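Chemist: Input: one structure, supplied below.
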Amino acid sequence: MPFDLTPSYEEGKNFNIWEQHKEHGIITWWQRYKGTVSVQLDLHAFPLDKQIVEIRISSSTVCSDYLKLIDFSEPDALAPEAVNLVEWNVLPGRALSLREFYNPGEKMHYSQLCVSIPLARRSGFYMWKVGTIAVILVLMSWTVFLLPQESFQDSLQISMTLFLAAIAFNFVLMESLPKVSYNTFLDKYILMCYTYIFLSVVQQCVMYCITFDDPGTFKLINFLCLAVFGGSFIVLTIVFGIVGSHTVMRHRKDRTAPKPKKTKGKQKKT
């Protein structure tokens with residue numbers, strides 16, 4: 001994984017420390033780094049996704065015979081309260097492993113330190129400020145079912161205005177949504193809402209093409225369409241809500257889970 005790290009210095013503290021043990025001649029070096037880590041994200045469950053960031057630290061010039069990476073980090077160095085991310089919650093369960101990898105080109109073994117950090121996205125912004133607006137647009141599009149047959153132009157104007165508002169809302173969302181080639185969890189729900197608005201326009205056009213001598217029949221068909229549209233939309237919204245709630249509760253359970261005890265393993269020499 002590509003990432004850039006630079007030494008971190010604070011006033012009154014020195015994190016670049018060399019220490020030599022005269023008994024056995026081994027030199028120990030401590031260094032603290034700050035940097036930005038890039039990772040490939042799986043956004044199918046966006047904005048309810050959970051990601052794992054893996055950081056690999058190793059030497060590319062000194063083999064493991066002369067350089068051994070050892071974990072001297074504090075137990076709470078990567079605790080959730082120690083990391084501040086605007087869009088992410090840091091879950092407990094940091095995994096740290098020490099291993100060696102072999103470079104076939106140089107025929108050498110190198111010491112490597114791997115740290116895995118689980119993260120869960122904070123989805124409140126997308127669920128309330130995106131999902132709620134989409135639901136409101138769908139509910140407003142159903143007002144055309146309550147208009148009389150003589151108000152076809154008014155009902156069509158309302159439907160088209162709401163559909164254009166949905167398109168404009170989608171252009172605004174493009175700045176906040178990830179640009180991926182597949183549909184995310186939020187994309188599927190928004191697409192479902194736009195489909196209901198489009199179907200309401202189609203229903204009004206079909207009703208206009210059919211001549212009803214009895215106004216009661218026109219009202220009855222509109223009422224049935226409203227019941228079908230409303231019932232199916234509520235059912236699908238409940239399904240999306242159950243899936244989303246299950247994902248959020250799983251993330252909260254991971255956050256409140258007890259921290260695994262750190263065990264010291266023996267390192268084999270090569």
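The values are calculated or read from the model by the stated rules, or taken from the named source; none is laboratory data. Treat the numbers as computed from the prediction; the structure is a model and nothing was measured. Cβ: placed from backbone, ideal geometry, glycine included. Neighbour counts: every protein chain shown. Ligands, DNA and RNA are excluded from the accessible area calculation, which covers all protein heavy atoms including side chains. Shrake-Rupley method; radii C 1.70, N 1.55, O 1.52, S 1.80 Å.
Chemist: So, of the residues in the stretch 162-197 that are in a helix (DSSP H, G or I) and open to solvent by 80 Å² or more (accessible area, probe 1.4 Å), which turns out to be nearest to Asp49 (Cα to Cα)?
Modeler: Checked the stretch 162-197; the qualifying residue nearest to Asp49 (Cα to Cα) is Lys188.
Chemist: Turning to a different aspect of this structure: Can you find even one residue in the stretch 141-154 that is assigned to a helix (DSSP H, G or I) and either among the acidic types (Asp, Glu) or closer than 20 Å to Arg121 by Cβ (or both)?
Modeler: Yes, because at least one residue in the stretch 141-154 is assigned to a helix (DSSP H, G or I) and either among the acidic types (Asp, Glu) or closer than 20 Å to Arg121 by Cβ (or both).
Chemist: Another question, if that's okay. Restricting the first residue to the stretch 114-140 and requiring it to be among the charged types (D, E, K, R), which pairs with a second residue that is in a helix (DSSP H, G or I) and open to solvent by less than 70 Å² (accessible area, probe 1.4 Å) meet a Cβ separation below 9 Å and a spacing of at least six or different chains?
Modeler: Sorted first by the residue in the stretch 114-140, then by its partner, the pairs are Arg121/His251.
Chemist: In addition: Looking at the stretch 174-189, can you tell me whether even one residue there is among the β-branched types (Val, Ile, Thr) and farther than 23 Å from Ser232 by Cα?
Modeler: The answer is yes, given that some residue of the stretch 174-189 is among the β-branched types (Val, Ile, Thr) and farther than 23 Å from Ser232 by Cα.
Chemist: Right, something else. Tell me which residues, restricted to the stretch 206-240, are part of a helix (DSSP H, G or I), at pLDDT below 85 and open to solvent by less than 70 Å² (accessible area, probe 1.4 Å).
Modeler: Met207, Gly216, Thr217, Phe218, listed by residue number.
Chemist: Can you say whether Ser181 is over 26 Å from Gly124 (Cβ atoms), under 25 Å from the mean Cα position of the chain (by Cα) and without any contact (Cβ under 8 Å) to a residue 24 or more places away in the chain, as far as the supplied structure shows?
Modeler: Spelling it out, Ser181 is indeed over 26 Å from Gly124 (Cβ atoms), under 25 Å from the mean Cα position of the chain (by Cα) and without any contact (Cβ under 8 Å) to a residue 24 or more places away in the chain.
Chemist: Among the candidates Val130, Val115, single out the residue that is within 30 Å of Ile197 (Cβ to Cβ) and either in a helix (DSSP H, G or I) or modelled with pLDDT of 80 or more (or both).
Modeler: Values: Val115 fails: within 30 Å of Ile197 (Cβ to Cβ).
Only one candidate qualifies: Val130.
Chemist: Turning to a different aspect of this structure: If Ser200 satisfies all but one of (1) farther than 19 Å from Ser123 by Cβ; (2) open to solvent by 50 Å² or more (accessible area, probe 1.4 Å), what's the number of the condition it fails?
Modeler: (2) is the only condition that Ser200 fails.
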